[in-house]
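Contents: one structure, followed by commentary.
The values are calculated or read from the model by the stated rules, or taken from the named source; none is laboratory data. Since the structure is predicted, the reported quantities are computational estimates derived from the model, not experimental observations. No Cβ is skipped: glycine too gets one built from the backbone with ideal geometry, and neighbour counts run over all protein chains shown.
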Amino acid sequence: MRVLLTGGGTGGHIYPALAIAAELKRRVPGCEMLYVGTREGLESRIVPRAGLPFVTVSARGLMRKGPREVVAGILSLTRGLWQADRIVARFRPDVLVGTGGYVAAPVALAAVRRGVPLVIQEQNAVPGATNRLLARWAQAVCVPFAEAGRFFPEGARVVVTGNPVRPEILSARRDEARARLGLNGSDPVVLVTGGSRGAERINGAALELAVAVAGWARGVLLWACGERYHGEMATGLARRLAEAGRDPGPRVRLFPYIDDMPTAYAAADLYIGRAGATTLAEITARGLPAVLIPSPHVAHHEQDANARVLERAGAAVVIADAELTGARLVEVVTGLLEAPERLAAMARASRQLGRPGATAAIVDRVLAAAGVPVAAEGS
């Protein structure tokens, strides 16, 4: 079996494709895979490190640009179509899996033109432009939430599978995670992160939360502020604690970045951070309640739409980025930790939204599209 994968630009498009590839490798021994991305995209660094063969085509966006950029985008798309057609002709895939991003358009169009079945995996409640365009030709459009289906053309073969989640997220054990981090088994643990690069506004509010936590009798704050903010936050935290006459002790743990997120999730009782699709798939798979601050810098307000799905289900409290303050965050977090029944109800709602079998369910559709007679595991 030969599988062509494409998707790129951001980790939100790349990591789902890699999770699907890993599940395919497990389910179909000897499966040949090839990943198509761009030379400039994040995928050019991430995919080869994951051990997948990687080739590139030209691709760039056409939306929200001036006339000159639109012309350049059309020329790039034309060149990308020609390059993708050569790749498809040489590789002769049984199926193409597209996870979105500009690069998916020329690759999918070339594959469809040559009769290759297409399976789309969309990560967000509001689908991206590329996946909306390609959905009409797909054998399956795998979406995270039922709400996403209304954005696709009539007749699109939409199936709610959830987003792929790394197996280590699911297998991490709470007791082992807390022991690894040196945490008391009964202390409530709050996890704060602004993503891999950090988020200035979240850090500003988290600084005030850290000062509050340092004065609590119980509780621990795990705070990943981002490499570029670490020096500033460490200095600011020391100053604010000195002003308040408090010692961070073991209650406030400031990190530039948390490499082992499976352990952090497993140890936590409450997540605070952005509402990217992969993050929400991971916290709901773990059944973590959340305080979500959607990024205002993402196209089509995707994170806000994602966050509202959890809010409506009772799994999260949503605070708009523009309304986030230290006082507001301290108020919300304190209120949740002082209401264990509400926190437990949010955890149950989160777990009900979670789809730990999402990767297997998506691979079921990929195998069906390719006509491979393998027993379904995720249906």
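Need the failing condition index for residue 372 against (1) part of a helix (DSSP H, G or I); (2) over 16 Å from the mean Cα position of the chain (by Cα); (3) closer than 28 Å to residue 139 by Cα, just the number. Here residue 372 clears every test but (1).
Among the residues making up segment 239-259, those that are under 11 Å from residue 207 (Cβ atoms) and within 32 Å of the chain's Cα centre (by Cα) are 252, 254.
Out of curiosity, is residue 320 farther than 19 Å from residue 283 by Cα, assigned by TED's automatic domain parsing to the domain that holds residue 186, modelled with pLDDT of 95 or more and surrounded by fewer than 16 Cβ atoms within 10 Å (Cβ to Cβ)? Here the answer is yes, as residue 320 does meet what is asked. Within segment 206-217, none of the residues are surrounded by 20 or more Cβ atoms within 10 Å (Cβ to Cβ), touching a residue at least 12 places away in the same chain (Cβ under 8 Å) and under 20 Å from the mean Cα position of the chain (by Cα).
Which of the following residues is modelled with pLDDT of 95 or more and under 30 Å from residue 252 (Cβ atoms): 89, 177, 156, 111? Can you show your working first?
On the way: 89 fails: under 30 Å from residue 252 (Cβ atoms); 156 fails: under 30 Å from residue 252 (Cβ atoms); 111 fails: under 30 Å from residue 252 (Cβ atoms).
Just a single option satisfies the conditions, and that option is 177.
Residue selection: residue 330 fails the criterion of being over 18 Å from residue 143 (Cα atoms), within 19 Å of the chain's Cα centre (by Cα) and outside any loop (DSSP other than H, G, I, E, B). Across segment 245-269, the qualifying residues are those that are assigned to a helix (DSSP H, G or I) and modelled with pLDDT under 95, and the one among them that is farthest from residue 191 (Cα to Cα) is 262. What pairs come out if I take residues in segment 163-188 that are assigned to a loop (DSSP other than H, G, I, E, B) and pair them with residues that are exposed (fewer than 13 other Cβ atoms within 10 Å of the Cβ) and modelled with pLDDT under 95 whose C-beta lies under 6 Å away, six or more apart or interchain? Within 6 Å, the pairs are 187/218.
Quick one: which residue in 270, 280 is closer than 19 Å to residue 164 by Cα, aliphatic (A, V, I, L, M) and either buried (at least 23 other Cβ atoms within 10 Å of the Cβ) or assigned by TED's automatic domain parsing to the domain that holds residue 233 (or both)? Steps first, answer last, please.
Details: 270 fails: closer than 19 Å to residue 164 by Cα.
None of the other options fit; the residue is 280.
If only residues of segment 120-153 that are part of a loop (DSSP other than H, G, I, E, B) and surrounded by fewer than 18 Cβ atoms within 10 Å (Cβ to Cβ) are counted, the one that is modelled with the lowest pLDDT is 153.
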